[in-house]
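A quick write-up on the structure given underneath.
None of the figures in this text is laboratory data; all of them are computed from the coordinates on show. Computed from a prediction, not measured in an experiment: that's the story for all the values here. Ideal geometry is used to build each Cβ from the backbone, glycine not excepted, and the neighbour counts take in all protein chains shown.
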Amino acid sequence: MSTTIAWFADIGLEDRPAVGGKGGSLGELTRAGIAVPPGFVVRTEAFEAFVRALDAAEPLRAPIEALDPSDLDQVSKVTATVRARIEAEPLPIEVEQAIRAAYAELAGSDRPVAVRSSATTEDAEDASFAGLQDTYLWVIGAEQVLQQVRSCWASLYSVESVTYRRRQNFPEAKVAMAVVVQIMVDARCAGVMFTRSPTTGDRSVITIEGAWGLGSAVVSGEVTPDRWVIAKLTGEVPVRDISDKHIRQVPLPGGGIHDEDVPEDLRKTPCLSDTELQELRAVARRTEKHYGRPQDIEWAIENGTGAILLLQSRPETVWSAKESAPAAQPAENPLLHLMNVFGGRK
Amino acid sequence: MAQTAPGFSRPSSVRAAPGTEAAQQAYPWYAQFGPGDDERFWFYNSMHFPEPMCVFDMITAEGAYLALGACNTRVHSLPTTKGIDFRVINGRVYIGGVGVTDPEELALRTSEFQQRAFYYYENWERLYDQWKGKMRALIADAQALPKLELPEFEPLENVHAGKGVAANHRLLTTWQATLEGYYRMWHHHFEFLLLGYGAYMVFFDFCKKAFPEITDQTIARMVAGFEAEIFRPDEEVRRLSRRAVDLGVDHKFAEGADVADILASLEQSGQPGKDWLAELEASRNPWFNVNVGDGFYHYHRSWNDDLSMPFAAIPGYIEKIRAGESIDRPTEQLMAERVELIEGYRDMLGSDAERAAYDQMIELACRVFPYVEGHKFYCEHWYTNLFFNKIREFGALLAEHGYFDDSEDVFHLSRFEIEQALLALSLSWSTGSPPRGLERFRSSIAERKAALAVWAEMETSPALGDVPDMIDDPAIVMLWGITRETLNSWLDDGEENPNEIKGFAASSGVVEGTARVVRSVQEIARLQQGDILVCQVTNPTWAPVFQKIAAAVSDIGGSMSHAAIVAREYGLPAVVGTGKATTRIPDGARIRVDGARGVVTILEAA
């Protein structure tokens, strides 16, 4: 097996040190039989091989490790140089060839893909590592893919990331990043869903948010999504908030994405049908069951085919971290529960 | 007491509508608002009494509150609440709870409650079986009441048997027995009711805490039973539909045909027709003793009195049978779904402690809830039909002797006035002289009929008197679903979408269709396949029409009402307890019913 490339079908959560959280999760979903856009991960070994090569030519990590995080000018200067090197210097030949070969196998010569950074440490999911969460959408052709893989790697050396690592005294030798390359979904609509209510922590409902076009508009908060609350078990839909979705993100012909106005008649039209809501519910339940705990999920519905695809699933963290008092304790005499109703307010 | 918040009118400021003062005074003096009532909180019981009450029909409120109060205050000793008082103004029934706040009294009542109510819970099955026996005996007694006769001569056999009492005495004892049985029925009615609801509420509150976004109807479905008598009438209609096909007389049941014509045609179609009519008779007693309302108005007649409701449903069922569809109630599937719900929600709980508490609560709720579903058939339907029909016999007797023209006019007299008339009639029969006071009631009856028409057009304030800080009366919360939040929404009459009507989310699903506003059973035949039924009360007796409709909307009822239960069984969206659907939605309008949110939207006026 190549140390540069790992296909989704061959990896799972246990591979996270080498494929990152996002890559591991996509592999895990693929393995569970849940539809995700096909793709591969450029493993951390590829990043490490590249940085080793750069380091050998001229020290790269040592100057970073030597930075004083409070000296912003110096941090800016050094990181800019490092980023420029990552973006421009030649890749090790076996890395470049492996990525080219994998792209050709996945997407032929010009099928659009998404290139997404996949961080390897838990705290890398933090906002402080926000620079790591780079995603490049609608990337076309091997050249562009190689370039965006470099951009993802380079984002590790943004001013914010480096400052954060230096403040934490994080050893630079342990910094690594995997990159996900997967077929781009031309989404008719997309969004997120939570298998535990983000507002009340209720485990019995699924909250779905979605808007027209690519999910990036929902995730970034540029558009107020439609919102539904669905009972996990029965599929009832007690809440339907349909919003005015004025813009959507769609692909540009030559690559990349842009915002466009949503046609008047679609703005206040629900972006999901009842059938699709129920299909999403089924996928959400399967995903949650597979992981054994509540999940935050990104989903998309493909234009034309109407296929439901998951782009990401990660464990819910907010409510799971809270210690909530049980709704009630068992009573020695079950009839004593009646006093809750008949006994008046305590 | 300074009060700056918006409030409701004081009872003393609400007067009888001009010209209806005498009609208002026809209600008993103890049901009129009076001194001391301003300082209390009263709300309009639109759930049970959605229309102005005829003077006689007030006995339904009186009977109910006599028994409810006795049960809460003196029998089970509910700790925080005593009985429920009622008052009548402009034909509308207002009710108010009597809370307990003194800590010493509360402690005493709590200890009494645990000896009394707990005993009921512990011995529920035995006591409920016993209850059914009592109700059947009570019904048998009512059925055995003698016919009302004042013959020219006392029958010879009575004389030879040395009976020693004459027909006018029997008339009075029959009258007293009729009333006595009715009041007794209400005591039986409340023997278990609050306890049954209470166990349900305990489970309900727990679910809302553990699953803040769970819908009321999901909780209801977890507790619903399937063997309740109230489903039987509809099942009998299905059975009769199947029999019609088996016997080859199904072609007699044309859509929209007159019931009398169908019956006559069956009568003349040889043995199969006669066999079917025999089956009909078997179903009618007792299962067609369901009235088309909730048992509080004499004019909500039963299926037995008006076969148009069950007959309206038969053609639809026959069509389904011919098409090879099953019309059986999928009891096993429903039970399996209930088990799946109970276990599914159990699995989603956060800890084993919660699961243990959940098990205790649902076990209790499921054990006691069949009473809440089952009692209505015996009390509000079967017994109430017998009662009102017996009163009709008294009406016929008084009309025959000239006290009024139409026997139904008897319902515009109070029970005290009827008793006086019966005494006067008995006296004249005994003396052999003509009845006296024949003109006495005619003008009052006309006046009261006119008053009802005036009152029906008047706005009714949802509440009167001082607004309480909180409502902590389990009876009021359980039976009427009234909380401090409800009051706030009543007081806040502000920015509402005029095309949106809100109610209780009774059964989920979203449907758009044509609204068919059905005001009485006679209009049932207007319902076309796929229409949305809009009516004042839906109740289980309407179940047979649910096969035809796409959704149901009602003015009255909560998410635990039988209407809601039936809608859920049929898998139809339903919004109940809207308060105003029949007045706000024009017949034929295009509407959307969202049963999960409890919202009805008028999309296009007719």
Q: Take the alpha carbon atoms of the range B:412-434, find their center, do the same for the range B:9-52, and report the distance between the two centers in whole angstrom.
A: 29
Q) Viscosity 1.306 mPa s, temperature 10 °C: Stokes-Einstein D of the range B:125-217 from its Kirkwood Cα radius, in µm² per second? A) 91
**Q.** Segment B:Gln130-B:Asn389, extension gain: residue separation times 0.36 nm, minus the distance between their alpha carbons
**A.** 90.6 nm
**Q.** Rounded if a/c under 1.5, otherwise prolate or oblate - chain B, Cα gyration tensor axes
**A.** rounded
(Q) Under the rule a/c < 1.5 gives rounded, and otherwise a/b versus b/c splits prolate from oblate, where does the range B:83-142 land using the Cα gyration tensor? (A) oblate
Q.
Please arrange A:Arg85, A:Arg167, B:Arg92 by how many other C-beta atoms lie within 10 Å of their C-beta, fewest to most.
A. A:Arg167, A:Arg85, B:Arg92
Q) Which value in deg cm²/dmol, rounded to the nearest 500, describes the helix-derived mean residue ellipticity at 222 nm for chain B, given -39,500 (n - 2.57) per DSSP H run of n ≥ 4 and division by the residue count? A) -15500 deg cm²/dmol
Q: Sort A:Cys152, B:Cys379 so the one with the fewest other Cβ atoms within 10 Å of its own Cβ comes first.
A: B:Cys379, A:Cys152
Q | Relative contact order computed over the range A:187-315 (Cα-Cα under 8 Å; 6+ residues apart), in percent | A | 27
(Q) Only four residue types carry charge here, +1 at the Cβ of Lys and Arg and -1 at the Cβ of Asp and Glu. Report the dipole size of the range B:495-604 about the Cα centre in Debye, rounded to the nearest 20. (A) 180
Q: Between B:Asp102 and B:Tyr30, take the C-beta separation as r, use R0 = 30 Å, and let me know the FRET efficiency to the nearest 0.05.
A: 0.75
Q: Describe numerically, in nm with one decimal, the distance between label points set 7 Å from Cα along Cα→Cβ at A:Val318 and at B:Tyr183.
A: 6.0
Q | Extension gain from A:Lys174 to A:Ser2, taking 0.36 nm per residue of separation minus the Cα-Cα distance | A | 59.8 nm
Q) All other residues with a Cβ under 9 Å from the Cβ of A:Asp244 taken together, and with Lys, Arg as +1 and Asp, Glu as -1, what is their net charge? A) +3
**Q.** Between helix A:159-168 and chain A: long-axis angle, C-alpha atoms, 0 to 90°, nearest 10
**A.** 80
Q | Size of electric dipole in the range B:290-380: Cβ of Lys, Arg +1 and of Asp, Glu -1, about Cα centre, debye, nearest 20 | A | 300
Q.
Could you work out the relative contact order of chain B? I mean the mean sequence separation of Cα pairs under 8 Å and 6+ apart, divided by the number of residues, in percent.
A. 18
Q: With all distinct Cα pairs included, what does the Kirkwood hydrodynamic radius of the protein assembly as shown come out to in Å, to one decimal, could you say?
A: 33.0
Q | Charged-residue dipole, Cβ positions (Lys, Arg, Asp, Glu), the protein assembly as shown about Cα centre, Debye nearest 20 | A | 980
Q: Return the FRET efficiency for the residue pair B:Asp406, B:Glu149: r is the Cβ-Cβ distance, R0 is 30 Å, and the value is rounded to the nearest 0.05.
A: 0.90
Q.
Quick check on the range B:495-604: what are the equivalent-ellipsoid semi-axes from the Cα gyration tensor, as sqrt(5λ), descending, whole Å?
A. 18, 15, 12
**Q.** Listed residue (A:Val262, A:Pro198, A:Ser25) projecting farthest to the positive dipole end of chain A, Cβ model
**A.** A:Pro198
Q: Determine the calculated [θ] at 222 nm for chain A from helices alone, applying -39500 (n - 2.57) to every DSSP H run no shorter than 4 residues and normalising by the residue count; nearest 500 deg cm²/dmol.
A: -10500 deg cm²/dmol
Q | Protection proxy ranking, peptides A:49-61, A:305-317, average beta carbon neighbours within 10 Å, highest first | A | A:305-317, A:49-61
Q.
Taking 8 Å as the Cα distance limit and 6 or more residues as the minimum spacing, I'd like the relative contact order of chain A as a percentage.
A. 17
(Q) Give me the one-decimal nm value for the distance between modelled label points at B:Asp258 and B:Asn285, 7 Å along each residue's Cα-to-Cβ direction. (A) 2.8
Q: For the range A:198-250, run through the GluC sites (Glu not before Pro) and keep only the ones in DSSP coil with at most 15 other Cβ atoms within 10 Å of their Cβ.
A: A:Glu222
**Q.** Reachable lysines from A:Lys322, criterion Cα separation under 18 angstrom, eight or more residues apart if same chain
**A.** B:Lys209
Q.
Can you give the FRET efficiency to the nearest 0.05 for A:Ala104 and B:Asn488, using r as the Cβ-Cβ distance and R₀ = 45 Å?
A. 0.10
Q) Ranked by Cβ crowding within 10 angstrom, fewest neighbours first, how are A:Asp110, A:Asp202, B:Asp141 ordered? A) A:Asp110, B:Asp141, A:Asp202
Q: Work out the mean other chain Cβ neighbour count within 10 Å for the residues of B:341-350 and drop it here as an integer.
A: 4
Q. For the range A:145-223 and the range B:250-295, what is the separation of their Cα centres, given in Å?
A. 68
Q. So what's the angle, to the nearest 10 degrees on a 0 to 90 scale, between helix A:93-107 and the longest Cα principal axis of chain A?
A. 40
